[in-house]
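Down below is the structure, laid out as structure tokens.
The values are calculated or read from the model by the stated rules, or taken from the named source; none is laboratory data. Everything quoted here is computed from the prediction, not taken from an experiment. Cβ atoms come from the backbone with ideal geometry, glycine included; neighbour counts cover every protein chain shown.
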């Protein structure tokens, strides 16, 4: 009974994974490539060649097509982390000048937002409903940027870095240090929500990658009517813009969940580590820094354990 249930569950998981990869943007990508190739070479000669082949070739083509679609989807899935790092602005040294320009642009954006926010705050009691809505929007947006000295050259990078640094700014709990420990004590529902948000963000990254790859077909369309090349370029550009906007929204949701997990469950982490929780908000920084340094640097100064 146990063995059959295990293999049934494993088969369902594999089938779901294959299904997700098969019916993904990879299918549209390769279908568009086939249409372009057939249009360029002529459908008549291609169909005549296929009709002269055996059934074994049809089976081989079907299996090969399945492998190409699923394999390319898996390849893009493996690229998503590296692509996310690029989209965040973690670029190699030879792009340092571009990185400096991006950070300068982001700094100007932050200063502009802060100046407008400060101007509204000075006359908060006399704001119109529209200005109150703008004030609330600016307040929320400014929280999605890290300190100016820690800015990255892209909006996405700053959105995620602000979420990553929230724990240290607020509680002196370094997210990179305490997050693996916190994850182990989070409720199952919370972990599922964070995992789902991360999966949606990764899916948006894959859409960005496929939008970039879609531009490759413009080379295949070279020499065809101009409107075909322009149409492909427009589809790739529009798809990339929409995918980037979707990625920004998903990253924002993911960052909000990271913050909320720290806000709600940090005391559970203290309890699991047998460390005393802060007795008041005034002690948050002291206790948080002691816990971080103990876990990361094994510095025990000021650290004391509670009863097990």
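A few comments on the model shown:
- Just one of (1) under 18 Å from residue 166 (Cβ atoms); (2) in contact with a helix residue (DSSP H, G or I) (Cβ under 9 Å, 6 or more places away or on another chain) fails for residue 281. It is (2).
- Filter pass, residue 283 being touching a residue at least 40 places away in the same chain (Cβ under 8 Å) and in a helix (DSSP H, G or I): no
- Counting only helices (runs of 4 or more DSSP H) that sit wholly inside region 171-238, those with at least 3 residues that are crowded, with 16+ Cβ neighbours inside 10 Å and under 18 Å from the mean Cα position of the chain (by Cα) are 188-214.
- Filter result (under 15 Å from the mean Cα position of the chain (by Cα) and either within 30 Å of residue 306 (Cα to Cα) or not in a helix (DSSP H, G or I) (or both)) within region 239-273: 257, 258
- Flag for residue 258 being touching a residue at least 60 places away in the same chain (Cβ under 8 Å), under 28 Å from residue 164 (Cα atoms) and either touching a helix residue (DSSP H, G or I) at 6+ places or on another chain (Cβ under 6 Å) or not assigned by TED's automatic domain parsing to the domain that holds residue 80 (or both): yes
- Any hit, region 106-113, residues being within 20 Å of the chain's Cα centre (by Cα) and not in a loop (DSSP other than H, G, I, E, B): yes
- Of all residues in region 143-157, those satisfying the criterion of being part of a helix (DSSP H, G or I) and touching a helix residue (DSSP H, G or I) at 6+ places or on another chain (Cβ under 6 Å) are 148, 156, 157.
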